[in-house]
1. Restricting to Cα pairs below 8 Å that are 6+ residues apart, what does the relative contact order work out to for chain B? Please round to a whole percent.
2. May I ask you to compute the full-extension gain from residue A:52 to residue A:91, defined as 0.36 nm times their residue separation minus their alpha-carbon distance, rounded to one decimal in nm?
3. Just tell me how shielded B:52-58 is by partners: mean number of partner chain Cβ atoms within 10 Å of each residue's Cβ, no decimals.
4. Under 19 Å from the 7 Å Cα→Cβ point of residue A:31, by amide nitrogen: which residues of the stretch B:24-63?
5. With a ≥ b ≥ c the root eigenvalues of the C-alpha gyration tensor of the protein assembly as shown, is it rounded (a/c under 1.5), prolate (a/b larger than b/c) or oblate?
6. Helix-only estimate, please: 222 nm mean residue ellipticity of the protein assembly as shown, summing -39500 (n - 2.57) across DSSP H runs of length 4 or more and dividing by its residues, to the nearest 500.
7. Determine, from the Cβ-Cβ distance of residue A:140 and residue B:19 and an R0 of 60 Å, the FRET efficiency 1/(1 + (r/R0)^6), rounded to the nearest 0.05.
8. Taking 0.36 nm per residue of separation and subtracting the Cα-Cα distance, what length does fully extending residue B:373 through residue B:3 add?
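Every number here is computed from the coordinates shown, using simple stated rules; none is lab data. All of these numbers come straight from a predicted model, not from anything done at the bench. Please note: Cβ atoms are built from the backbone with ideal geometry, for glycine as well, and neighbour counts cover all protein chains shown.
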C-alpha cells in the first residue's frame, strides 16, 4: 500500500464520515416532521381502508342463511364453531336472528365468512384492539366471545380510513421507492 | 496561581475543628473524591438518557417517553432496577476475582479524575506528570476486563476479553503519542500547564506574530487552542480514544446488536451496572481529556481575559464561568460521540488493527517528529499550525477526490427501479 493511497483512504474516511454525520444531523434537526413513531396507547393509528381487523356484523341485514357458519374453518373454544348463530322461525315462516357469536379466542381472521355472506351483513372491520380483560377474573377466555351488539359497534374499516390519514404520521418528503412504468415492447432491463 | 479549592475547603474545615493541617488536606481530598464520584454517577445516568434520546431522534424515533416527562426518569429507574436485581455468580466462577473485576474497571475510570482540573481552582492534585498518569490509569481497564472474563469461567467471555485486550492495548500507543504533541508545545506534562499553554501564557507565539492579534482587541483566544496548532494530533487522539473506550465505530468487543455483552456475559445486577457505568465514564473521560488538551479546557473562545480581570481570577463567579465553558465543550464532545454512534457502521477486526498500527501510529509519530523539530528549532507556533492545516487539507482533498470518482447516488431524488416487463402482458387493460 503506497503512502498516497493510504492518505487518500484516510481522507476519504474523514470526508465520508462527515457526510454521514450531516445526514443524521439533518434528521435530528427536522425530527418533528420526520417522526415515524405513534405513541400507541395515547395516540391512535388510523388504519387504511383495506385493513382486515375485527369483524363487523350488521344484524338488520342478516337473513340467517348460516353460510358464514358453514364457511368457517375453525372450531371454537367454547362453542362448536367459531361462528355460532341462534335463531327461531317467526310468524311469517321466516328465520329471525336471536344471537350471533364470534369466538375471537379461535377466530383466525381468514375472512371466509365475509366472502360467503350474500348480503354483506359481515364486513371487514378496522378495530385492532381485541385483547380483553375481565375486571374480576382478569384473563378469561369467555370475554372473547363477541355477541352481535358488540360486533355491530365495531368500526367498519372502509368507513375509517384513507391512505392519507393512515400514513399521515410518516412524512411524505423522504425518498420513497417508486416503480417506473415500463412501456410495452421495451427490452427487459438488465438486473 | 490559585490553589485548589478542595484543599482550601479541607483546610478551612480542619481549622474550624482544630485539627492539624495534614488532616485538612485529607478532608479536602475526601470531599473532592465524594463530589467527583457523584458527579460521574449523575452525569453518566443522564448521558445514557441523552444517548437514547439523541440516537432516537436521529433515527426518527422518540426514545424513552413514559417514565417522567420526556422519559427523564428512565435511567434512574433502570439504575434502581439493576440495584434490586440478584447478583448471580456462576458456580464454577472464581468468586473473589469475579467480584473484584467490575470494581477494578470502574476504579480505573474514576482514578483519572484525580488530576483532571475542571477550572483553574477545581482540581484535586496538580501532578507534574498528569498526562502520563491519566493514560496509565486508563489502561488499567484492560486488567479488569480480562480478569472478569477469566474469572467468570466462560469461554465466550474469555474470547471477547482477549479481543478487547488486543484492541485496547494497541490503541494505547497512538493515544499517548498524540498527547505528546501538545505536551511539547506547552512544555508541561500537567493538565494545568497544558491549558495554560493553550491560553497563551507559555506559548503565546501564535498570537504575537499574527496580524489577527489586533482583531477584537486581542480577544481571539480560541486561536491559541491546541486544536488549531495540532489538528492531526487532535483527530488521532479522538479516534484512538474512541477505540480504547470501545465506542462505535470500534465497538467490536461488545457489539450490542450481535454479541449481547461480550466480556461481561456472566455479570448481572450491580456488577453489570459497574461495567456499564465505567463504559460511559470512559466516554466522559475521553471528552474531558480532549477538551483539556485540545479545546482550551475552561477557556472561553472570546474575551476570556476581560471577564476574568473584571471579576478576579479566583472568585466564585469566574469559577462558574469557567465551569460553564468546560461543561459546554465536554458536553458537545460527548454528544459528538453519540452522534458518531448513530451514524457509523462498525469496522471489521482486521480494519481495526490496520487503523491502529498502520495508520494512527505512523501519523502520530510523524506529528511527534514534526512538532519536536519545530519546538527545538524555536520556529513559531503559527508556522506549525499552517503546515498542519495544509497537510490536513491535502488529505481531505485527496479523499474528496476519491469520493467524487465513486458512482453517484442522489439522495434527494427518489430511487427508481424499473419494473420487469411481464411475459404475457394483457393488451386489453393496457400496460400498467
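1. RCO, chain B: 19 percent.
2. Fully extending the segment from residue A:52 to residue A:91 adds 10.3 nm.
3. The shielding value for this peptide is 4.
4. Flagged as within label range: B:44-63.
5. prolate
6. On the way: 24 runs with 324 residues, N = 623.
Result for the protein assembly as shown, helices only: -16500 deg cm²/dmol.
7. Once rounded, the FRET efficiency stands at 0.25.
8. This chain segment gains 129.7 nm when fully extended.
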